[in-house]
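> Take a look at the following structure, please.
The values are calculated or read from the model by the stated rules, or taken from the named source; none is laboratory data. All figures in this text were calculated on a predicted structure; none of them were measured in a lab. With ideal geometry, Cβ positions are generated from the backbone for all residues, glycine too; neighbour counts draw on all protein chains shown. Each accessible area value is taken on the protein alone, full model and side chains, heavy atoms only, with ligands, DNA and RNA left out. Shrake-Rupley method; radii C 1.70, N 1.55, O 1.52, S 1.80 Å.
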Amino acid sequence: MSRFVVNGGKKLFGEVEVQGAKNSALPILSATVLTRGENILFNCPSLTDVDACMRILRYLGCEAKKQGSAVLVKCDGLRESEIPDSLMREMRSSIVFLGAILARTGYAKLSFPGGCELGPRPIDLHLKALRKMGADICERHGVLECKAENGLKGAKIDLSFPSVGATENIILAAVLAEGTTTIINAAREPEICDLCDFLNEAGAKIYGSGEGVIVIDGVEELFAVSHNIIPDRIVAATLMSSAAVTKGEITLRGVIQSHLSSVIPVFEETGCKVKVKDGDLTVTAPDRLRAMPLIRTMPYPGFPTDAQAPLMAVASLCRGTSVFVENIFENRFKHAGELMRLGADINVQGKVAVVNGVKTLYGASVEAQDLRGAASLITAALAAEGKTEIGGIGYLERGYDSFEITLSSLGADVRKV
Ligand code: EPZ
């Protein structure tokens, strides 16, 4: 896997465009399976997870190609309903193809998505909902075989947890189902709204996205559309973190302020100034950061679990003690140990991490172990004195498009080796 070499201590200044949202692009790419004609997805980020999704689409018999920052997908030629283990293992969130393939062909066979760096990733909520919509699902030897020979039927689904992936799978299964599906306690993430906007533009009838109850009236068929993918709020939070730790000032172009409503106040608490004007967000860091308020990760609109790791790098340099509670995933503090190799003072107890801020971090050799952990280590390295080598950059490239180029354009001394 490639590595980053960072010489820290450079203040970041300048303006960057925020990339399209990975967690919006992935479910929308799955949703193209349900449409007839050629979809054009603008502002689609160039990521290894997006590449993996396109490989799956091609395997299924669809056409999927890049044209600049757009991705073109045509699924008229879909002839396959199985995703091989090799492709499933490349990306855990491939499970979101299940609902779409089942809805389009009445059959789907894919391997159980393995656990990932964040811990076991159960899909019980996905399967319970699809069974309630009439799918016959057999789980054997790590393979899921799903049938809906008489098509899927609308149903009332109560989610015990507002799972993002389960909400997406239910929506994808429901848009062509017979009758109405109601999702109670649906996930409210902006990426769910973007998926529903894409599907409604294609002719679906989805109401209430972004609220806790989503109603979907099944329709006969969906037609390809051109769609702009929303900006990535987690990449925005990561770039804000890089300004905060380097005492810099950066402007992010094309952010949606409401998507950062639980993140902006945290930066302001540390003493950063945050100004938003016409879709541009400028963050100006103070000379010394103050400790953060208690950070508890929650489903949207609460504080996003994906921003926990980058913000922990910021907390490492705040004056005072910051506390993080990770409520969403059970193993999402692996970056803490690596941050400590840079001189951070962090004490992890179960789902709580206590960070005692230090004045200076020092360059070292560290290893990323998951996507947002990689972002955390790069953020800390930008501030650390001296040289930091970061391994495991392949994780970063799953979710950050040309990140070393973006950071270099802001004045960082970072190169990929
Ligand atoms: C999506 O994952 C995102 N991934 C994650 O982003 C994000 O962290 C997560 O939502 C929460 O916001 C994509 O959108 C591709 P969940 P997902 O289902 O759908 C448990 C990143 O860094 N659960 O809301 O897997 C589950 O174990 C990635 O970009 C069940 O128990 O999230 C987890 O603890 C990481 N049973 C919690 O719910 C289920 O059937 C949240 O999972 C499903 C989930």
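> For a quick check of your reading of the model, give me the residue pairs whose first member lies in region 280-304 and is at pLDDT 95 or above and aromatic (Phe, Trp, Tyr), whose second is in a strand (DSSP E or B) and open to solvent by less than 50 Å² (accessible area, probe 1.4 Å), with beta-carbon atoms closer than 8 Å and at least 6 apart or on different chains.
Phe303/Ile295; Phe303/Thr297
> From the set of residues in region 76-126 that are of a type in the set (D, E, K, R) and outside any loop (DSSP other than H, G, I, E, B), which is farthest from Leu47 (Cα to Cα)?
We begin by selecting, within region 76-126, every residue of a type in the set (D, E, K, R); these are 76, 79-80, 82, 85, 89-90, 92, 104, 109, 117, 121, 124.
Applying the additional criterion that residues be outside any loop (DSSP other than H, G, I, E, B) yields 82, 85, 89-90, 92, 104, 109, 124.
Details: Glu82: 23, Asp85: 21, Arg89: 16, Glu90: 13, Arg92: 15, Arg104: 26, Lys109: 25, Asp124: 28 Å.
The qualifying residue farthest from Leu47 (Cα to Cα) is Asp124.
> Here's a follow-up. For Val355, which of the numbered conditions (1) assigned to a loop (DSSP other than H, G, I, E, B); (2) open to solvent by less than 30 Å² (accessible area, probe 1.4 Å) fails to hold?
Unmet for Val355, out of (1) assigned to a loop (DSSP other than H, G, I, E, B); (2) open to solvent by less than 30 Å² (accessible area, probe 1.4 Å): (1).
> Being more than 30 Å from Glu389 (Cβ to Cβ) and within 14 Å of the ligand (Cβ to nearest atom), is that true of even one residue in region 46-58?
Residues of region 46-58 more than 30 Å from Glu389 (Cβ to Cβ): 53-58.
Keeping just the survivors that are within 14 Å of the ligand (Cβ to nearest atom) gives 53, 56.
Yes - at least one qualifying residue is present in region 46-58.
> Quick test for you: out of Leu98, Leu125, Leu144, Leu130, pick the one residue that is under 18 Å from Gly179 (Cβ atoms), touching a residue at least 24 places away in the same chain (Cβ under 8 Å) and not acidic (Asp, Glu).
Details: Leu98 fails: under 18 Å from Gly179 (Cβ atoms); Leu125 fails: under 18 Å from Gly179 (Cβ atoms); Leu144 fails: under 18 Å from Gly179 (Cβ atoms).
Unique residue meeting the criteria: Leu130.
> Sticking with this structure for a sec: Is one or more of the residues making up region 174-192 assigned to a helix (DSSP H, G or I), crowded, with 24+ Cβ neighbours inside 10 Å and away from the ligand (no atom under 13 Å from the Cβ)?
Yes - at least one qualifying residue is present in region 174-192.
> Considering only residues of region 356-383 that are of a type in the set (A, V, I, L, M) and without any contact (Cβ under 8 Å) to a residue 60 or more places away in the chain, which is nearest to the ligand (Cβ to nearest atom)?
This residue is Ala374.
> Still on this structure, I have one more. Looking only at region 245-258, decide whether some residue is under 13 Å from Ala307 (Cα atoms) and either touching a residue at least 12 places away in the same chain (Cβ under 8 Å) or of a type in the set (Lys, Arg) (or both). Steps first, answer last, please.
Keep residues of region 245-258 that are under 13 Å from Ala307 (Cα atoms), which gives none.
Checked against the condition, which is being under 13 Å from Ala307 (Cα atoms) and either touching a residue at least 12 places away in the same chain (Cβ under 8 Å) or of a type in the set (Lys, Arg) (or both), region 245-258 yields no hits at all.
> Is there a residue being within 16 Å of the ligand (Cβ to nearest atom) and touching a Ser or Thr at 6+ places or on another chain (Cβ under 7 Å) anywhere in region 62-76?
No.
> A further question on this structure: Considering only region 193-225, how many residues are closer than 17 Å to Gly99 by Cβ and either open to solvent by 40 Å² or more (accessible area, probe 1.4 Å) or assigned to a strand (DSSP E or B) (or both)?
9
> Check Thr105, Thr167 and return the single one that is closer than 19 Å to Leu29 by Cβ, open to solvent by 50 Å² or more (accessible area, probe 1.4 Å) and free of Cβ contacts under 8 Å to residues at least 60 places away in the same chain. Give the steps one after another, and end with the answer.
Working: Thr167 fails: open to solvent by 50 Å² or more (accessible area, probe 1.4 Å).
After applying the criteria, what remains is Thr105.
> Report yes if Gly151 is farther than 30 Å from Gly254 by Cβ, of a type outside the set (A, V, I, L, M, F, W, C) and either in a strand (DSSP E or B) or touching an Asp or Glu at 6+ places or on another chain (Cβ under 7 Å) (or both), otherwise no. Step through it out loud before you land on a result.
Numbers: farther than 30 Å from Gly254 by Cβ: yes; of a type outside the set (A, V, I, L, M, F, W, C): yes; either in a strand (DSSP E or B) or touching an Asp or Glu at 6+ places or on another chain (Cβ under 7 Å) (or both): yes.
In short, yes.
> Looking only at residues that are near the ligand (Cβ under 8 Å from one of its atoms) and open to solvent by less than 50 Å² (accessible area, probe 1.4 Å) in region 151-163, which one is farthest from Ala103 (Cα to Cα)? I'd like the intermediate steps shown before the answer.
Narrowing region 151-163 to residues near the ligand (Cβ under 8 Å from one of its atoms): 161-163.
Subset that is open to solvent by less than 50 Å² (accessible area, probe 1.4 Å): 162-163.
Working: Pro162: 22, Ser163: 20 Å.
Only one residue fits best here, namely Pro162.
> Say whether the condition of being outside any strand (DSSP E or B), open to solvent by 10 Å² or more (accessible area, probe 1.4 Å), of a type in the set (A, V, I, L, M, F, W, C) and over 21 Å from Arg398 (Cα atoms) is met by at least one residue in region 54-61.
No, the conditions are met nowhere in region 54-61.
> Limited to region 305-315, what total is found for residues that are under 15 Å from Phe267 (Cβ atoms) and either touching a strand residue (DSSP E or B) at 6+ places or on another chain (Cβ under 7 Å) or free of Cβ contacts under 8 Å to residues at least 24 places away in the same chain (or both)?
Applying the first criterion (under 15 Å from Phe267 (Cβ atoms)) to region 305-315 yields 307-308, 310-315.
Now drop any that are not either touching a strand residue (DSSP E or B) at 6+ places or on another chain (Cβ under 7 Å) or free of Cβ contacts under 8 Å to residues at least 24 places away in the same chain (or both), which leaves 308, 311-312, 315.
Residues meeting the conditions: 4.
> Being over 21 Å from Ala243 (Cβ atoms) and not in a strand (DSSP E or B), is that true of even one residue in region 304-314? Spell out the reasoning first.
Pass one, region 304-314, residues over 21 Å from Ala243 (Cβ atoms): 305.
Checking the rest, the ones that are also not in a strand (DSSP E or B) come to 305.
Yes, there is a match, as at least one residue in region 304-314 is over 21 Å from Ala243 (Cβ atoms) and not in a strand (DSSP E or B).
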